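Asker: Structure below; questions to follow.
Nothing in this text is a laboratory measurement; each read-out follows from the coordinates by a stated rule. These figures come from a predicted structure and were not determined experimentally. Because the Cβ atoms are built from the backbone with ideal geometry, glycine has one as well, and the counts that use them run over all protein chains shown.
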Amino acid sequence: MCDAAGSERPLFEVVLHEPEIPNNTGNIGRTCVALGASLHLIHPIGFDLGAKACRRAGLDYWPRLDVQEHESWSEYTASQNRPMWLFTTGSGRPIFDVSLERGDHLVFGKETAGLPRDLLDAHPDRVVCLPMLPNERSLNLATAVCAALYEGLRQVRSRGGVRIDDDGRIQLSQTRILA
């Protein structure tokens with residue numbers, strides 16, 4: 001998955017702002033590995049990510065995950081320059097109404113509170129939701145990330161930015177990169 005300059009670029013970059021539940025983060029990590037996405041973890045996080053903890057949790061795929069940790073939101077934003085989409089149940093703009101591009105950052109908040117209001121207010125044109133029935137509170141974080149990644153894959157594939165082979169496997173190389 002090389003861009004025009006020859007450097008690696010993932011399909012998408014998932015950003016978890018202060019995740020709290022290790023099982024969700026593990027599930028999201030596995031989904032990222034399966035789809036060729038990167039994972040950014042914004043501190044503080046509510047669990048140990050050391051090698052021993054990962055082994056004990058059975059995260060055998062973790063070494064294949066492109067994961068980066070950031071000490072704060074400001075450290076994260078200083079290190080990236082791709083468009084980001086911020087997910088919240090408080091938005092009326094469905095993910096289906098925006099154009100997700102390869103390399104976009106998909107930002108999700110912590111399980112108990114979502115993204116902080118000031119982050120959402122700072123990027124009002126980049127705030128989206130996964131639509132739900134009225135009176136439903138939210139989706140599980142890992143479920144929401146998975147749904148967003150597969151919608152992004154669908155969009156990128158529809159524009160020729162990725163190919164799915166006859167075995168149902170995603171082919172990230174030898175595809176047109178949308179910059």
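Yes/no matrix, rows are residues, columns are (1) more than 17 Å from residue 132 (Cβ to Cβ); (2) surrounded by fewer than 17 Cβ atoms within 10 Å (Cβ to Cβ):
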residue	(1), (2)
73	yes, no
82	yes, yes
93	no, yes
96	no, yes
104	yes, no
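Asker: Answer with yes or no whether residue 109 is touching a Lys or Arg at 6+ places or on another chain (Cβ under 7 Å) and touching a residue at least 60 places away in the same chain (Cβ under 8 Å).
Answerer: no
Asker: For the range 21-137, which helices (runs of 4 or more DSSP H) that fit wholly inside it have 1 or more residues that are closer than 27 Å to residue 160 by Cβ?
Answerer: 22-35
Asker: Sticking with this one: When residues of the range 13-54 are filtered for being surrounded by 21 or more Cβ atoms within 10 Å (Cβ to Cβ), farther than 13 Å from residue 69 by Cα and touching a Ser or Thr at 6+ places or on another chain (Cβ under 8 Å), how many remain?
Answerer: 2
Asker: Restricting attention to the range 124-143, does a residue exist that is more than 12 Å from residue 90 (Cβ to Cβ), hydrophobic (A, V, I, L, M, F, W, C) and in contact (Cβ under 8 Å) with a residue 60 or more places away in the chain?
Answerer: yes
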